[in-house]
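**Student:** A single structure is presented below for examination.
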Amino acid sequence: MNDASAVQNKIIRIIVVDDDDIFLSLVQDTLEDSGYEIVLSGNCDQALKSIKEKPFDLMITDIRMPGLDGVELAQRARISNPAISVIFMTGYTNLSTAQDAVKEGACDYIMKPFELSEFRQAVRKAISKKSNIDQ
């Protein structure tokens, strides 16, 4: 049984936002193997357009990107999709950014580089938490 089928046979839709194409490919392979529907976005504008077009259960976003940062992206995404859960990722340790992520209601905050098992666990936890809230 994959992770997605464990959540009441509902297809879990996840958008992943990062400006690193190699990283996006790795995350896509990891999450698709778990049965999630994945949409990749290389920038915040593209991500916001996708979020306006269809609902997502979870957004996984890098914090530091050109243009909008991940925290601003989450704020704008919630205008179109108030129920979206968010996992922030960063390769830069910064207490202020972590505090901003928590204020924005982050489900998790992951430091890059990370182990894939740690990443999968964060996604499972966020989906589980969201499915408990939706019930």
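**Student:** Residues that are part of a helix (DSSP H, G or I) and in contact with a helix residue (DSSP H, G or I) (Cβ under 8 Å, 6 or more places away or on another chain): does segment 7-21 have at least one?
**Tutor:** No, there is no match, as no residue in segment 7-21 is part of a helix (DSSP H, G or I) and in contact with a helix residue (DSSP H, G or I) (Cβ under 8 Å, 6 or more places away or on another chain).
**Student:** Which of the numbered conditions does residue 84 fail, given that it passes all the others? Conditions: (1) at positive phi; (2) under 15 Å from the mean Cα position of the chain (by Cα).
**Tutor:** (1) is the only condition that residue 84 fails.
**Student:** On to the next question. For residue 51, which of the numbered conditions (1) within 13 Å of the chain's Cα centre (by Cα); (2) under 19 Å from residue 108 (Cα atoms) fails to hold?
**Tutor:** (2)
**Student:** Scan segment 26-46 and give yes if some residue there is surrounded by fewer than 21 Cβ atoms within 10 Å (Cβ to Cβ), at pLDDT below 95, touching a Cys at 6+ places or on another chain (Cβ under 6 Å) and of a type in the set (A, V, I, L, M, F, W, C), otherwise no.
**Tutor:** Within segment 26-46, none of the residues are surrounded by fewer than 21 Cβ atoms within 10 Å (Cβ to Cβ), at pLDDT below 95, touching a Cys at 6+ places or on another chain (Cβ under 6 Å) and of a type in the set (A, V, I, L, M, F, W, C).
**Student:** Take segment 22-39 and flag every residue that is in a strand (DSSP E or B) and touching a Ser or Thr at 6+ places or on another chain (Cβ under 8 Å).
**Tutor:** Result: 39, single match.
**Student:** Taking only segment 88-119 into account, find how many residues are under 19 Å from residue 22 (Cβ atoms) and in contact with a Ser or Thr (Cβ under 9 Å, 6 or more places away or on another chain). If you could, list the steps in order and put the result at the bottom.
**Tutor:** In the first step, residues of segment 88-119 are kept if they are under 19 Å from residue 22 (Cβ atoms); the result is 89-92, 110-116, 118-119.
Then drop every residue that is not in contact with a Ser or Thr (Cβ under 9 Å, 6 or more places away or on another chain), which leaves 89-90, 110-112, 116, 119.
Selection size over segment 88-119: 7.
**Student:** In segment 42-100, which residue that is in contact with a Lys or Arg (Cβ under 9 Å, 6 or more places away or on another chain) and among the aromatic types (Phe, Trp, Tyr) is nearest to residue 130 (Cα to Cα)?
**Tutor:** Among those residues, the one meeting the criterion is 56.
**Student:** Give the number of residues within segment 58-98 that are in contact with a Leu (Cβ under 7 Å, 6 or more places away or on another chain) and charged (D, E, K, R).
**Tutor:** Residues that pass the stated criteria total 1.
**Student:** Do the conditions hold for residue 51, that is, is it in contact with a strand residue (DSSP E or B) (Cβ under 8 Å, 6 or more places away or on another chain) and either modelled with pLDDT of 95 or more or surrounded by fewer than 21 Cβ atoms within 10 Å (Cβ to Cβ) (or both)?
**Tutor:** Working: in contact with a strand residue (DSSP E or B) (Cβ under 8 Å, 6 or more places away or on another chain): yes; either modelled with pLDDT of 95 or more or surrounded by fewer than 21 Cβ atoms within 10 Å (Cβ to Cβ) (or both): yes.
Spelling it out, residue 51 is indeed in contact with a strand residue (DSSP E or B) (Cβ under 8 Å, 6 or more places away or on another chain) and either modelled with pLDDT of 95 or more or surrounded by fewer than 21 Cβ atoms within 10 Å (Cβ to Cβ) (or both).
**Student:** Given segment 56-117, what strands (runs of 3 or more DSSP E) lie entirely inside it while holding 2 or more residues that are in contact (Cβ under 8 Å) with a residue 40 or more places away in the chain? Explain how you work it out, then say what you get.
**Tutor:** Working: elements: 58-62, 85-90, 108-111.
In segment 56-117, 58-62, 85-90 are the strands (runs of 3 or more DSSP E) which contain 2 or more residues that are in contact (Cβ under 8 Å) with a residue 40 or more places away in the chain.
**Student:** Just one of (1) modelled with pLDDT of 90 or more; (2) surrounded by fewer than 22 Cβ atoms within 10 Å (Cβ to Cβ); (3) polar (S, T, N, Q) trips up residue 61, so point out which.
**Tutor:** The one condition residue 61 does not meet is (2).
The values are calculated or read from the model by the stated rules, or taken from the named source; none is laboratory data. Everything numeric here is computed off the predicted structure, so don't read it as measured data. Heads up, the Cβs are rebuilt from the backbone with ideal geometry, glycines too, and the neighbour counts pull from every protein chain shown.
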